[in-house]
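Everything on this sheet refers to the single structure shown next.
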Amino acid sequence: MTVTMKDIAQQVGVSIITVSKALRGHSDIGAETSRRVMDKARELNYRPNLAARSLVTGRSSLVGLVVPDLLHPFFVEIGNALARTLKENGYYLIISSSEEDPTLEEHAIEHLLAHRLDALVVSSCSPTLPQQFKRIQEQGTPLVLLDRSFSRFRSNFVGSDDVDMGFIATEHLFDIKRKRIAHIRGPELSTGRSRLEGFLKAYKTRGIEPNPRYIVGTSTVDINSTQQGFAAMTKLLGLPSRPDAVFCYSDPIAIGAMDAILQRGLRIPQDVAVVGCGNLHYDVHLKIPLTSVDQRTSLLGERTGKMLLSILQKPGKSNFRKTLEKARVVVRGSSVATV
C-alpha cells in the first residue's frame, strides 16, 4: 500500500502539517522532530505524491526536452548539461525523441504536456512552424527552442550562429589552399539552410562561383548519420572533377564521409580534407582526428537551463530571450596533416 504523510504523522505522533514541513526542510521544525520524521519516512519507504503536490502548488518541477534523436552525441551532451543545470535548482528533465518525424514530435510534446510540465524545450525536426508551438505559448507554458528556430516566430531560443559556422569552416578550407570545396548539407531547417548560406558566403567572399554539383543533401541528418555521410561522399567522389575538400553538416556525417574517402583508396587530408560540425567528444580519438566547428555543446545545454530558470522565476514576463553562441574551428588531422 502507498504510504502517506498521514501514516508517518500517526506513527511519529505529530500533525500532518509538521510532517509536511519536516520533509520540506522547513526552518520552524525542531531538529529532533525533523530527524524522527525523516527516519520514519525512510523506514516506511515513503515517496511524495508529486502529482498531488503539483495540483496544490501549480508546479511539477519537471521540464520536458524533445530532440530529433537520442543517439546523436550532440543532443546527448546538451541533455546532460541541461539536466545537470536544472537538477542543481530542484528541477528534473524528461527527454523524448521524435526520430526526425514531425508527427511523432507533435505526439511526444502532447504526451509531455499532459504531465503538467513547468516548461518545454524543443529541437524541432519540422521544416515548417508547428501550430502547436503557438498554442503552447498562448496557454502560458514556457517554451524554449533549441538549436533550430523558425523565421517570423518570436520565441525563446538558444543556439549557435549557423551562418558563421558554415562560413568559418569553408574559410578554413580555402585558407589551406583547397579549391574544390564541397558541402554535404543539412535538412530544410534553420540549421541546414544557415550553414549552407555560410558556405556560399565564403565562396562569394573569395569571388569564386561554387559548383552546384558540389552541394549534396541527405535524407536524414540525425538518424543513420554516418550512412548518409558515406552515401553523399560516394556521390561526390564519383564526379568527373572530385572535390579536394568537404564541409559536412555534422560530425557523424563527416565520419561517414571519411569512411567513403578511405574506402576509395584516397588519403585524408592529402587528397580530400574534411571538416565536421559539432566538435563532439570523440573527434580527437578517431583514427584520423576530425577537424570540426566547435558549437560548445555543453555550454548550449547550460545556457538553456539558465534561461529556463530565469523564465520560471519570473512567470508571465512576455519578453522573449535569445542566446546565440559564436563558434570556432578546432583544427585536427582531417584537414591539416600532422606528419
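Values in this text are rule-based calculations from the coordinates and carry no lab data. Everything numeric here is computed off the predicted structure, so don't read it as measured data. Cβ: placed from backbone, ideal geometry, glycine included. Neighbour counts: every protein chain shown.
Data for the structure
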quantity: Directionally averaged shadow of segment 5-48, computed from the convex hull of its alpha-carbon atoms, nm²; calculated: 2.6 nm²
quantity: Full-stretch length increase - residue 71, residue 137 - with 0.36 nm per residue and alpha-carbon distance subtracted; calculated: 20.9 nm
quantity: Taking 5, 233, 38 and counting other C-beta atoms within 10 Å, the order from fewest to most; calculated: 38, 5, 233
quantity: Exceeding the 30 Å Cα-Cα cut-off - candidates 235/326; 40/314; 287/326; 134/201; calculated: 235/326; 40/314; 134/201
quantity: Debye log10 I(q)/I(0) for segment 162-295, one point scatterer per Cα, at q = 0.21 Å⁻¹; calculated: -1.29
quantity: Stokes-Einstein diffusion coefficient of segment 140-187, Kirkwood radius over Cα pairs, 10 °C, 1.306 mPa s, in µm²/s; calculated: 119 µm²/s
quantity: The chain, relative contact order in percent, only Cα pairs under 8 angstrom and at least six apart counted; calculated: 16 percent
quantity: Three-way shape call for segment 188-248 based on the alpha-carbon gyration tensor, with the a/c threshold at 1.5; calculated: oblate
quantity: Which of 168, 208, 215 has the fewest Cβ neighbours within 10 Å, and the rest in rising order; calculated: 208, 215, 168
quantity: Amide H contacts of residue 335 (H built 1.01 Å from N, under 5 Å, at least 5 apart or other chain); calculated: 274, 291
quantity: Modelled FRET efficiency - R0 30 Å, residue 211 with residue 101, Cβ distances, 0.05 increments; calculated: 0.35
quantity: Inverse mean reciprocal Cα-Cα distance (Kirkwood Rh) of the chain, Å; calculated: 22.3 Å
quantity: Top of 238, 25, 198 by mean-square fluctuation, Gaussian network on the chain, Cα under 10 Å; calculated: 25
quantity: Residue-averaged 222 nm ellipticity for the chain, from DSSP H runs of 4+ at -39500 (n - 2.57), nearest 500; calculated: -13500 deg cm²/dmol
quantity: Efficiency of FRET from Cβ geometry, residue 6 and residue 153, R₀ 41 Å, rounded to 0.05; calculated: 0.30
quantity: Beta bridges per DSSP with both ends in segment 244-339, % antiparallel, nearest 5; calculated: 35 percent
quantity: Antiparallel bridge percentage (DSSP; both residues within the chain; nearest 5); calculated: 10 percent
quantity: Charge tally in the Cβ shell below 13 Å around residue 219, where Lys, Arg are +1 and Asp, Glu are -1, residue 219 excluded; calculated: -2
quantity: Which of 175, 28 has the fewest Cβ neighbours within 10 Å, and the rest in rising order; calculated: 28, 175
